[in-house]
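Quick notes on the structure that follows.
The numbers here are math on the coordinates, done by the rules we state, and not lab data. None of these values were measured; they are calculated from a predicted model. All Cβ positions, glycine included, derive from the backbone under ideal geometry; neighbour counts span all protein chains shown.
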Amino acid sequence: MSFSIEFQKGCEPNRRSHLSNGLTFSRHPKPKSPISKAFILNKPSIMSDISLAIGANNEQNLVPNPIIKVKIVAYLAAGNLWDYWLAIHPFFGKVVIKAIYLLAYPCENPNYDNYVPSGKVEVNMLKEEKFYLGPLLELQGKVVPKYYGSYCTGGNGHYMIMMLEYVGRSMGFGILRLNDNTKVKLYEAYKQLHIQGVSHHDICGRHILIDDMGGIRLVGFRYAYQRKLHIPDQVRDLISEDWVVKARTGMESDDANSLTSAHPEYWAKLKDPTAFYHQLVEDEIYRRKVYHLPPLINIPPMPPLLK
């Protein structure tokens, strides 16, 4: 589906993403991640908007309508790589447009900590798309926003855009002070992410969105990794990230947070979950000894596996 952008009166383009009225975008031509027919049949509520945006089989121009107009209404934030704009889409309502101008973008300076060579910008974008249309597909609209595709301008292709459902504001930078209810929702969101075998690998407040009802969505997957839940070392990576989320974002104390506090779904698909859990307990005891942390007062029994 092709579209042109139009800035609402009072909302001005900036010099960072160089967007301007009348720019026309079409679906990015590079190969996309396939969506299985089984998923399309079993998840019609998720697939309805995705099919309209990118095609059920990732075909371009699924809906052969005239070029539609997407109205940009506000500037949201400046990311390390992308600019973020709030826009109104005639079919999807409020959307977030992640925009980049390839001839002048924030991370093009080799001396910048987050330097991204020009040839890697597209790679980063397509990697995120692969996650949204792969392991994150079933989580769209629940744990991550709905994904509406990647786009570029025709001809020179100097502008690239990713379009996502608008779900709320970012929690922002710095130390977060979360209430207990928000912590529970955040931990559950990361657990659902991990159970799909996805390691976020870029945990920070700006990648955690919260809506008006207190719901949590996770974004920012260009550093993500796919993990397999039947390989012990890769499960351990996911459990370690679960611990990091609780320690650094949830600010949980060492008494309350341990490797053994992870949900049993993490190791449920391993060949020998019991042996894995016992090793996890040993590792936690050792970690606390090395870092002079309070010892485990009571070694927790292995939680029952879900059937």
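For the reader, a short list of remarks on this structure follows.
- Whole-Hz couplings from phi, Karplus 6.51/-1.76/1.60, listed for the range 233-243; x for Gly and Pro: 4, 6, 5, 4, 4, 5, 5, 4, 5, 4, 5
- Karplus-derived 3J(HN,Hα) values for the range 213-220, using 6.51 cos²θ - 1.76 cosθ + 1.60 with θ = phi - 60°, are 9, x, x, 10, 10, 10, 9, x Hz; glycine and proline are entered as x.
- Cβ charges +1 (Lys, Arg) and -1 (Asp, Glu), total dipole of the chain, debye: 540 debye
- Separation in nanometres of the label points that stand 7 Å from Cα toward Cβ, at Thr274 and Gln226: 3.3 nm
- Amide proton proximity set for Arg169, modelled H, under 5 Å, gap of 5+: Ile210
- The calculated FRET efficiency for the pair His263 and Phe91, based on their C-beta separation and a Förster distance of 41 Å, comes to about 0.65.
- Gain in span if fully extended, Ala256 to Glu282, counting 0.36 nm per residue against the direct Cα distance: 7.6 nm
- Two-site label geometry, Thr153 and Tyr291: point separation in nm, points 7 Å out along Cα→Cβ: 4.8 nm
- Listed cross-link partners Lys130/Lys269; Lys146/Lys185; Lys69/Lys130; Lys185/Lys289; Lys146/Lys246; Lys30/Lys98 are compared with a 22 Å cut-off, the Cα-Cα value being larger for Lys130/Lys269; Lys69/Lys130; Lys185/Lys289; Lys146/Lys246.
- Here the simple spin-label model places points 7 Å from the Cα toward Cβ, and for Gln234 and Lys142 these points are separated by 2.2 nm.
- Candidates Met171, Met213, Met251: whichever shows maximal mean-square fluctuation once the chain is modelled as a Gaussian network with Cα springs under 10 Å: Met213
- For the range 111-128, Karplus couplings with θ = phi - 60° (6.51, -1.76, 1.60), whole Hz, Gly/Pro x: 8, 7, 4, 9, 3, 10, x, 4, x, 9, 4, 4, 4, 4, 5, 5, 5, 4
- Convex hull volume of the Cα atoms of the range 170-290, normalised per residue: 108 Å³.
- The helix-only estimate of mean residue ellipticity at 222 nm for the chain, built from DSSP H runs of length n ≥ 4 each weighted as -39500 (n - 2.57), is -8000 deg cm²/dmol after division by the residue total.
- Dipole orientation for the chain: of the candidates Leu229, Gln279, Ile67, Ile67 has the Cα lying most toward the positive pole (charges on Cβ; Lys, Arg +1; Asp, Glu -1).
- Panel order for Ser118, Ser17, Ser170, by other beta carbons found within 10 Å of each beta carbon, from fewest to most: Ser118, Ser170, Ser17.
- Cβ crowding within 10 Å ranks His158, His28 as His158, His28, fewest other Cβ atoms first.
- Selected from Pro232, Pro135, Pro66 as most flexible by GNM, with the chain as the system and alpha-carbon contacts under 10 Å: Pro66
- Net charge contributed by nearby residues that have their C-beta within less than 11 Å of Ser17 (K/R +1, D/E -1): +2
- Rounded to the nearest 20, the size of the Cβ-charge dipole of the range 170-290 about its Cα centre is 260 debye, with Lys and Arg at +1 and Asp and Glu at -1.
- GNM top mover of Ile68, Ile239, Ile97 - the chain, alpha-carbon springs below 10 Å: Ile68
- Where (i) 32, 22, 20; (ii) 71, 19, 15; (iii) 38, 22, 17 are the candidate values, the label of the one calculated here for semi-axes √(5λ) of the Cα gyration tensor in Å is (iii).
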